[in-house]
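**Q** Mind looking over this structure? Questions follow.
The values are calculated or read from the model by the stated rules, or taken from the named source; none is laboratory data. Because the structure is predicted, anything quoted here is derived from the model rather than measured. All Cβ positions, glycine included, derive from the backbone under ideal geometry; neighbour counts span all protein chains shown. Accessible surface areas use protein heavy atoms only, side chains included; no ligands, DNA or RNA. Shrake-Rupley method; radii C 1.70, N 1.55, O 1.52, S 1.80 Å.
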Amino acid sequence: MSYKEMTKEELLNERNEISRQYEDLKARGLKLDMSRGKPNTEQLDISMGMIDALASTHKLVGEQGIDCRNYGVLDGIIEAKRLLSEMIECPVDNIIIYGNSSLNVMYDTVAHSMTHGVMGSTPWAKLDKVKFLCPVPGYDRHFAITEFFGIEMINVPLNDDGPDMDMVERLVSEDESIKGIWCVPKYSNPTGVSYSDETVRRFARLKPAAEDFRIYWDNAYCIHHLYDDDRDHILEILEECAKAGNPDMVYKFCSTSKVTFPGSGIAAISASKANLEFIKKQLTVQTIGHDKLNQLRHVRFFGDFNGMLEHMKKHAEILRPKFKIVLDSLNNELGGLDIAAWTNPKGGYFISFNTLDGCAKRVVSLCKEAGVVMTAAGATYPYGKDPHDSNIRIAPTYPSNEELQEACRVFVTCVKLASIDKLLEAM
């Protein structure tokens with residue numbers, strides 16, 4: 001029965017029962033962490049072969065005769081460029097291989113824009129105002145980068161087919177202080193939404209007032225499918241931008257952080273040749289070259305892109321049961337109560353959960369008291385300010401299946417308790 005249809009007496013009786021369940025859960029002394037989307041131990045184990053992919057007895061020279069033990073090769077060895085260009089869906093000539101983190105590449109890209117501008121434009125630090133559009137709910141670390149540099153962030157609703165493009169088109173065409181937009185186009189963090197073909201085409205056809213406007217296209221989950229027979233596909237943004245006469249408007253990022261070992265992967269940026277030439281001029285000052293041994297290690301481990309795809313199937317086999325545990329718990333315990341809504345993603349690392357307005361912080365607080373740490377309420381919005389105090393990012397990947405079942409019991413109980421109290425307040 002819907003909680004919203006209950007009388008005050010019925011809600012009070014329900015609250016007594018839910019409170020008893022909550023106290024029982026608190027008494028168990030749980031210590032569970034669902035705060036970050038980290039791979040679990042079983043996922044890390046399937047990449048252990050990478051440790052043996054290079055040995056002291058191996059030839060550590062690439063196919064172009066590059067000794068990967070030494071300095072040089074600013075933009076990455078050709079084998080790694082070929083591997084990640086297939087992953088990110090771009091020509092080999094349109095990619096630069098970096099170090100271990102795409103987040104670091106995005107940070108550097110913003111930092112360089114602040115100090116040296118974009119392809120000859122005025123450095124952002126010399127401007128009175130710099131703004132970014134931020135589809136919400138979204139990735140907290142994106143927002144942290146722009147906040148760190150004092151860039152004003154503007155919320156844009158994220159719909160089932162991507163950002164509200166009417167709003168995006170209007171804002172970028174009217175305001176030349178808007179210099180970028182954060183995007184996770186496939187299996188978005190945290191909703192799992194993938195951008196429709198029409199959304200990608202509308203991005204490519206944008207007419208920004210700022211000549212140095214860029215789309216920050218973070219394709220973090222481009223091969224992170226949960227199901228072999230039900231996958232999302234998105235149009236390739238670089239190609240669409242070129243068709244629309246905007247070849248320089250996008251930076252596309254990816255990494256193997258949730259493919260192999262987080263913190264020990266390889267990352268890349270894909271962009272037009274003009275963008276890449278500008279970036280390389282800065283890189284020649286910043287570094288002599290990134291870790292070519294790690295690039296070679298990845299290539300030797302996977303062999304080719306098909307090997308990477310087979311590897312991702314192993315990840316999916318581990319993650320599917322975890323998503324099922326969470327979704328089954330939400331459906332069984334909260335379905336029909338009319339107090340929450342949640343996404344059912346086909347890939348990525350998260351489930352986005354919406355409480356009644358004004359309940360998210362209370363739910364997270366109650367969970368913490370019962371021994372379950374969730375992502376902070378508000379983290380999926382710029383400045384940590386969710387205007388509705390309703391969105392919670394659920395990260396099912398890291399706990400064991402048994403721990404996840406326990407955490408879900410706590411979570412649904414806390415949602416019920418916070419919701420009942422909110423409804424009683426309104427009576």
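**Q** Using Cα positions and a limit of under 14 Å, work out the aspartates and glutamates in reach of Lys31, with same-chain residues fewer than 8 apart set aside.
**A** Answer for Lys31, where 14 Å is the Cα cut-off: Glu369, Glu402, Glu403, Glu406, listed by chain and number.
**Q** So for each of 241-252, 16-27 I average, over its residues, the number of other beta carbons within 10 Å; can you give me the resulting order with the highest mean first? The partial results should precede the final answer.
**A** Values: 241-252: 19.4, 16-27: 13.9.
So the peptides 241-252, 16-27, ranked by packing, come out 241-252, 16-27.
**Q** Here is a further query. Residues with amide H under 5 Å of Asp33's amide H, sequence separation 5 or more or different chain, H placed in the peptide plane at 1.01 Å from N; which?
**A** Val373
**Q** Near the amide H of Met153, under 5 Å away, which other amide H atoms are found, from residues 5 or more places off or on another chain, if H is placed in the peptide plane?
**A** Correct list: Phe132.
**Q** While we're here: Can you check what the net charge comes to around Lys314, using other residues whose Cβ is under 13 Å from the Cβ of Lys314 (Lys, Arg +1; Asp, Glu -1)? All intermediate terms of the calculation are to be shown ahead of the outcome.
**A** Details: positive: Lys258, Lys313, Arg320; negative: Glu42, Asp45, Asp228, Glu310, Glu317.
Net charge in that neighbourhood comes out at -2.
**Q** Taking only C-alpha pairs under 8 Å that are 6+ residues apart, what is the relative contact order of the chain in percent? Mind dumping the intermediate values first?
**A** Numbers: 797 pairs, mean separation 109.2, N = 427.
The normalised contact order for the chain reaches 26 percent.
**Q** Could you report the accessible area of Met374 in Å², rounded to 10, computed with a 1.4 Å probe on the protein chains as they sit in the structure?
**A** Accessible surface of Met374 is approximately 10 Å².
**Q** Roughly speaking, to the nearest percent, how much of the chain's 1.4 Å accessible area is carbon and sulfur?
**A** Details: 8630 of 18270 Å².
Looking at the chain in its full context, I get 47 percent from C and S.
**Q** May I ask you to evaluate 6.51 cos²θ - 1.76 cosθ + 1.60, the Karplus curve with θ = phi - 60°, for each residue of segment 208-216 and list the ³J(HN,Hα) values in order in whole Hz, giving x for glycine and proline?
**A** For segment 208-216, the Karplus-derived couplings read x, 5, 8, 5, 9, 5, 9, 8, 8 Hz, x marking Gly and Pro.
**Q** Still on this structure: Kindly provide the helix-only [θ] at 222 nm of the chain, computed as the sum of -39,500 (n - 2.57) over DSSP H runs of four or more divided by all residues, to the nearest 500 deg cm²/dmol?
**A** Numbers: 13 runs with 174 residues, N = 427.
Rounded to the nearest 500, the figure is -13000 deg cm²/dmol.
**Q** On to the next question. Kindly sort Arg28, Arg202 by accessible area of their heavy atoms, largest first, with the probe set to 1.4 Å.
**A** Working: Arg28 125, Arg202 55 Å².
In descending accessible area the options line up as Arg28, Arg202.
**Q** Follow-up question, since we're still on this one. What is the sum of charges, Lys and Arg at +1 and Asp and Glu at -1, for the other residues whose Cβ falls under 9 Å from the Cβ of Cys414?
**A** Overall, the nearby charge balance is +1.
**Q** Specify the inter-centroid distance of segment 132-156 and segment 200-232, based on alpha-carbon positions, in whole Å.
**A** When both Cα centres are located, 16 Å separates them.
**Q** Note down the relative contact order for segment 189-343 as a percent, whole number, built from C-alpha pairs under 8 angstrom at least six residues apart.
**A** Numbers: 127 pairs, mean separation 35.1, N = 155.
Rounded, it is 23 percent for segment 189-343.
**Q** Right, another one. Could you state the accessible area per residue of the chain in Å², with a 1.4 Å probe and every protein chain left in place? Numbers along the way, then the final one.
**A** Numbers: 18270 Å² over 427 residues.
That works out to 43 Å² per residue.
**Q** Per residue of segment 373-386, what does 6.51 cos²θ - 1.76 cosθ + 1.60 with θ = phi - 60° give for ³J(HN,Hα)? Whole Hz please, x for Gly and Pro, Karplus curve as stated.
**A** With coefficients 6.51, -1.76 and 1.60, one gets 8, 10, 4, 4, 4, x, 4, 7, 10, x, 6, x, 10, 7 Hz.
**Q** Tell me which lysines have Cα within less than 22 Å of Lys59's Cα, excluding those fewer than 8 residues away on the same chain?
**A** Partners within reach: Lys81, Lys292.
**Q** Is the shape of the chain rounded, prolate or oblate, going by the alpha carbon gyration tensor and its root eigenvalues a ≥ b ≥ c, with a/c under 1.5 for rounded and a/b larger than b/c for prolate? If you can, show how the numbers build up before the last one.
**A** Numbers: a/c = 2.30, a/b = 1.46, b/c = 1.58.
Because a/c hits 1.5 or more and a/b fails to exceed b/c, the chain counts as oblate.
**Q** Once you keep just the Cα pairs under 8 angstrom separated by 6 or more residues, what percentage relative contact order results for segment 328-427? Don't skip to the end; give the middle numbers.
**A** Numbers: 130 pairs, mean separation 31.5, N = 100.
Rounded, it is 32 percent for segment 328-427.
**Q** What ³J(HN,Hα) values, in whole Hz, does the Karplus curve 6.51 cos²θ - 1.76 cosθ + 1.60 give for segment 19-29 when θ = phi - 60°, with x put for Gly and Pro?
**A** Result, rounded to whole Hz: 4, 4, 4, 5, 5, 4, 5, 4, 5, 7, x.
**Q** Quick one: net charge of Asp128's neighbours, Cβ under 13 Å, K/R +1, D/E -1?
**A** Details: positive: Lys126, Lys129, Lys131, Lys179; negative: Glu152, Asp175, Glu176.
Once positives and negatives cancel, what remains is +1.
**Q** Ok, one more. Determine the distance separating the Cα centre of segment 355-389 from the Cα centre of segment 254-328; give it in Å without decimals.
**A** Centre-to-centre distance over Cα atoms comes out at 31 Å.
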